[in-house]
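See below for the structure under consideration.
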Amino acid sequence: MAVLTGISPVLLVANLDRAVSFYRDQLGFECETYGDPPHFATAARDEATLLIAVTSSPERILPHRTVIPAMWNAYIRVDDVEEIYAEVQGRGATIDYSIYDAPHGFREFGVQDPDGHDIAFGQPLNGGRGTSSTSR
């Protein structure tokens, strides 16, 4: 049977340079842009990859949290949430919600990108797999 090897949420953004700067400088991702002029980017760090596409209709960007309160656009699992939390704070990222033990079995925190996308970082509690299928 075939094995799924990853998932990459696609985030629509109003300004590609601003988005790339945020993911690179605030969250520590390596970014590559594509197109002439650039209209698409990848943001990769370790085994997590986000895809970023610029839209000509920024007024139509609809972060998930605007449809369902406290819902993420991307949930990134990490092996040391405390370390990532300290790192992104040190990089100057604005924390959307502080680190805590969520009822769905993860210790997590979140940030918002410049387009309002809620990006969570979480580590399973008690060494389990946890589930990130529900909102905080």
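The values are calculated or read from the model by the stated rules, or taken from the named source; none is laboratory data. What you see is a predicted model; the values in this text were computed from it and never measured. Cβ: placed from backbone, ideal geometry, glycine included. Neighbour counts: every protein chain shown.
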Selection within region 67-125 - without any contact (Cβ under 8 Å) to a residue 24 or more places away in the chain and touching a helix residue (DSSP H, G or I) at 6+ places or on another chain (Cβ under 6 Å): 99
Looking only at region 32-59, count every residue that is closer than 21 Å to residue 76 by Cβ and either assigned to a loop (DSSP other than H, G, I, E, B) or touching a helix residue (DSSP H, G or I) at 6+ places or on another chain (Cβ under 6 Å) (or both) and tell me the total. 5
Only listed residue being over 17 Å from residue 28 (Cα atoms) and at pLDDT 95 or above, chosen from 108, 87: 108
Residue in region 15-31 that is in contact with an Asp or Glu (Cβ under 9 Å, 6 or more places away or on another chain), assigned to a loop (DSSP other than H, G, I, E, B), buried (at least 18 other Cβ atoms within 10 Å of the Cβ) and at pLDDT 95 or above present: yes
Just checking, does region 114-130 include any residue being surrounded by fewer than 18 Cβ atoms within 10 Å (Cβ to Cβ), more than 12 Å from the chain's Cα centre (by Cα) and among the hydrophobic types (A, V, I, L, M, F, W, C)? yes
Criterion violated by residue 84 - all others in (1) aliphatic (A, V, I, L, M); (2) at positive phi; (3) assigned to a helix (DSSP H, G or I) satisfied: (2)
Out of all the residues in region 45-67, is one or more over 22 Å from residue 120 (Cα atoms), surrounded by 14 or more Cβ atoms within 10 Å (Cβ to Cβ) and either β-branched (Val, Ile, Thr) or in contact with a strand residue (DSSP E or B) (Cβ under 6 Å, 6 or more places away or on another chain) (or both)? yes
